[in-house]
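Student: Submitted below is the structure of interest, expressed as structure tokens.
Values in this text are rule-based calculations from the coordinates and carry no lab data. All values derive from a computational prediction rather than experimental measurement. Cβ atoms come from the backbone with ideal geometry, glycine included; neighbour counts cover every protein chain shown.
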Amino acid sequence: MYQAFTEDEWNTLLQAPMQAVMGVCLADRVDPVTFLQELKAGVAIVAEELKRSDLVGELTPALVGDMAKLDAADALDGEQLQLKKQFELLGLMQTFKKSSEGRDYAVAHMQKVAAILDAKVTGVQATELKEWLLSVATKVAEAQKEGGIMGIGASRISEKESDMLKKMAVALGLST
């Protein structure tokens, strides 16, 4: 755990990437197959981010390192761990009566993250982590083409996903 944070605060930060995945996945009403493909892609994107060695600053690599340690400590690995994370995220999503509740939950989580970061670390460290979280969310939004007919006219980021990314950016304090 990074020295500046309580255990609860650090856990909130550790959960943030998957909250970003959830928010983007719940942004659109899509068919179940597309939804599950986007969810799978989101979990895979977070897993790939944990392997990066080029993250800037001190805080973001520390968070990513702790996330990787948690994964390494799990009895499962590889595809099994990915599947477990997908099911955990689906389980959380099922606790909401409407997808809008899940989106609001993800945005509220980003607001919590921003409040923690703004109170505990330098502006540069906070901005680096916030921008990384938003980049993860953007990669998830780009992972699955949506709209169009048989792929024709489909877009990388749908209008609703774009709106969700904007809400996350505002919640993180990256734009107004």
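Student: Pulled fully out, how much extra length does the chain show between residue 94 and residue 11, if you take 0.36 nm times their separation in residues and subtract their Cα-Cα distance?
Tutor: 27.7 nm is the gain from fully extending residue 94 to residue 11.
Student: Using a Gaussian network for the chain with springs between C-alpha atoms less than 10 Å apart, which of these wobbles most: 20, 44, 62?
Tutor: 62
Student: For region 7-172, compute Rh as the Kirkwood radius over C-alpha pairs and then the Stokes-Einstein diffusion coefficient at 37 °C and 0.692 mPa s; write the answer in µm²/s, rounded to an integer.
Tutor: The diffusion coefficient I find is 203 µm²/s.
Student: Right, here's the next one. Before anything else, pin down the relative contact order of the chain: Cα pairs under 8 Å, at least 6 apart, normalised by residue count, whole percent.
Tutor: RCO, the chain: 35 percent.
Student: Using the basic label-point model (7 angstrom from Cα toward the beta carbon), what is the residue 87 to residue 52 distance in nanometres?
Tutor: Going by the 7 Å Cα→Cβ label model, 2.9 nm.
Student: What do you get for the angle between helix 7-25 and the principal long axis of the chain? Use alpha-carbon atoms, 0 to 90 degrees, nearest ten.
Tutor: So the helix axis and the longest Cα principal axis differ by about 20 degrees.
Student: Also, I was wondering about something else. Going by alpha carbons, how many degrees (0 to 90, nearest 10) lie between the helix axis of 159-172 and the longest principal axis of the chain?
Tutor: Roughly 10 degrees between the two axes.
Student: I've got another one for you. Would you mind checking the tilt of helix 59-73 against the longest principal axis of the Cα atoms of the chain, expressed as 0 to 90 degrees and rounded to 10?
Tutor: Once rounded, the angle reads 70 degrees.
Student: If you don't mind, another one. Could you tell me which of the pairs 112/167; 112/166; 130/167; 40/85; 51/167; 85/130 are separated by over 18 angstrom between their Cα atoms in the structure shown?
Tutor: Distance filter (> 18 Å) returns 51/167; 85/130.
Student: First measure r as the distance between the Cβ atoms of residue 73 and residue 131, then evaluate 1/(1 + (r/R0)^6) with R0 = 22 Å and state the FRET efficiency to the nearest 0.05.
Tutor: Here the calculated transfer efficiency is 0.20.
Student: If you add up the charges near residue 79, with Lys and Arg at +1 and Asp and Glu at -1, over every other residue whose beta carbon is less than 14 angstrom from its beta carbon, what do you get?
Tutor: Computed value for this residue: -1.
Student: So, counting K/R as plus one and D/E as minus one, what does the shell of residues with Cβ under 15 Å around residue 8 add up to?
Tutor: -1
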